[in-house]
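Encoded as structure tokens, the structure appears first; notes follow it.
The values are calculated or read from the model by the stated rules, or taken from the named source; none is laboratory data. Just so we're clear, the structure is a prediction, and the values are computed from it rather than from any experiment. Here Cβ is always computed from backbone atoms with ideal geometry, including for glycine, and neighbour counts include all displayed protein chains. Ligands, DNA and RNA are excluded from the accessible area calculation, which covers all protein heavy atoms including side chains. Shrake-Rupley method; radii C 1.70, N 1.55, O 1.52, S 1.80 Å.
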Amino acid sequence: MSSQEREGADSAERPLGPRSLPLRLLLGIVHAGSWMTGLTLPRMRPRMRLFMKGLDAAAALRVEGRAVWKDITATAHDGRMIPVRLYRPESASESVKLPIVLYFHGGGFALGDHTARHRYNRAWCVLSGCMLLSVGYRLAPEHPYPAGVEDAYDVLKWASIHASGLGGDGGRIAVAGESAGGNIAAVTALLAKERGGPDIACQALLYPAVDLTGGAGSAAQPSLRENGRQYMLTLRLLQQFASGYAPEDNRRKPAVSPLLADTLEGLPPALVVTAELDPLRDQGHQYAERLRRDGVAVEYRCYAGMIHDFTAMMPGWIPAAGHSLRLAAAFVRRELAAAGSKMAFDADADLECSPDGEESSALMDSILRERSPELIVREEGWS
């Protein structure tokens, strides 16, 4: 099917806006309250934490199995203590050295924290079968770039050294995150490549913010214009987050906007998830395409009718959100199990086929549709 034919077929199925009742209620609450309008980033923080914790309590994905957890600290290169919440599947034997997922929360580099989505983190841990370290990196604007990414890289080094004492396998580490956390996960992978390790087996990037220039430094990103007003994450908020995190003359650096890196060659295999009604949709798509072009194995999914942060906000209420969480956890589980071996899918073939044409994702979809028959997943065509 040609790009034009695919686009025509997609347009017939594309919703005009979120049709899910939970999403409509969520947007109604946000817009009615104007709950962050005009506030500084530090003043937004308490409200965002309550918002995240409330949704996490009400709309978390219920999974079979439990995770045990404890709060620990990792030591930074300068001796500072970085807070980390460690999760481990309760069913895992203490004698087993589990693969490790470093997870970075979203929130525009300024909001949220590593404990606000406790049930979401537990679901990630159980579904992936891994030890999950939710990292409390420093937040802007009090701690602008590069504080957050240096914290992330310090935790990566610390985890690789101390993995055995934690009950983990330092040779099998993945990075993952949503939104700003997706940026930090992607940048951590870049830094590990540039600085000679530690090795990262894979990266799971959920609607990542990979271009903080506003689209000026890359190909056109019409999703910024199309989705930047009515779907919670507005252009105004994006600009506020970017300004708080990095001055304009720093935003073209690859460690701030990894989409603008000269090359992504040599990075670990990636899953990139985007949402159709997200301002960040196009930059996530472009990042996946850049990875593929530079020879990195990549799997890309765009979920129809979904808004920014859908995976973390309502995985228990919205089938597509639950599917995306299961997909990301299954991707990490598969790649960490196969760490050091040839990847189970071919990057170029993956980008040219529909979800039903790709064996591993088709299997995941088949299993998950049995649990959620109403689920509709759409993978964008590549042009």
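Observations, loosely collected:
- Between ASN250 and ARG293, the contour length at 0.36 nm per residue exceeds the alpha carbon distance by 12.9 nm.
- Remark on ALA261: its backbone amide H falls under 5 Å from none of the residues 5 or more positions apart or on other chains, H modelled at 1.01 Å from N.
- The HN-Hα couplings worked out from phi for segment 85-92 by the Karplus form 6.51 cos²θ - 1.76 cosθ + 1.60 (θ = phi - 60°) are 9, 9, 10, 9, x, 4, 6, 6 Hz, whole numbers, x standing for Gly and Pro.
- By average C-beta atoms within 10 angstrom, highest first, the peptides 65-75, 142-152: 142-152, 65-75
- Label-point gap, in nm, between LEU39 and ARG80 - each point 7 angstrom along Cα→Cβ: 2.4
- Once the 1.4 Å probe is applied to the protein heavy atoms, segment 205-331 comes out at 30 Å² accessible per residue.
- Rounded if a/c under 1.5, otherwise prolate or oblate - segment 193-319, Cα gyration tensor axes: oblate
- Nearest-0.05 FRET efficiency for LEU21 and GLU265, computed from C-beta distance (R0 35 Å): 0.20
- Solvent-accessible area per residue for segment 85-142 (1.4 angstrom probe, square angstrom): 27
- Less than 5 angstrom separates the built amide H of ALA174 from those of ILE100, VAL101, LEU102, ALA201, all sequence-distant by 5 or more or on a different chain.
- Residues whose amide H comes within less than 5 Å of that of VAL68, counting only those at least five positions distant or on another chain, are ARG88, GLU90 (H built at 1.01 Å from N in the peptide plane).
- Whole-Hz Karplus values for segment 148-159 come out as x, 6, 5, 4, 4, 5, 4, 5, 4, 5, 4, 5 Hz, taken residue by residue from phi with 6.51 cos²θ - 1.76 cosθ + 1.60 and θ = phi - 60°; glycine and proline positions read x.
- Theoretical FRET efficiency, 1/(1+(r/R0)^6), r = Cβ-Cβ of GLU94 and ASP71, R0 22 Å, to 0.05: 0.75
- Separation in nanometres of the label points that stand 7 Å from Cα toward Cβ, at VAL30 and ARG236: 1.4
- Carbon and sulfur %, accessible surface of segment 201-262 computed with the full protein complex present, 1.4 Å: 50
- When a 1.4 Å probe is rolled over the protein heavy atoms, the share of accessible surface on segment 105-182 that falls to carbon and sulfur comes to 51 percent.
- In Hz, Karplus ³J(HN,Hα) per residue of segment 126-142 (6.51, -1.76, 1.60; θ = phi - 60°; x = Gly, Pro): 5, 5, 7, x, 10, 6, 10, 10, 8, 9, x, 5, 5, 10, 7, x, 4
- Available extension along the chain between ARG229 and GLU142 is 28.6 nm, counting 0.36 nm per residue and deducting the alpha carbon span.
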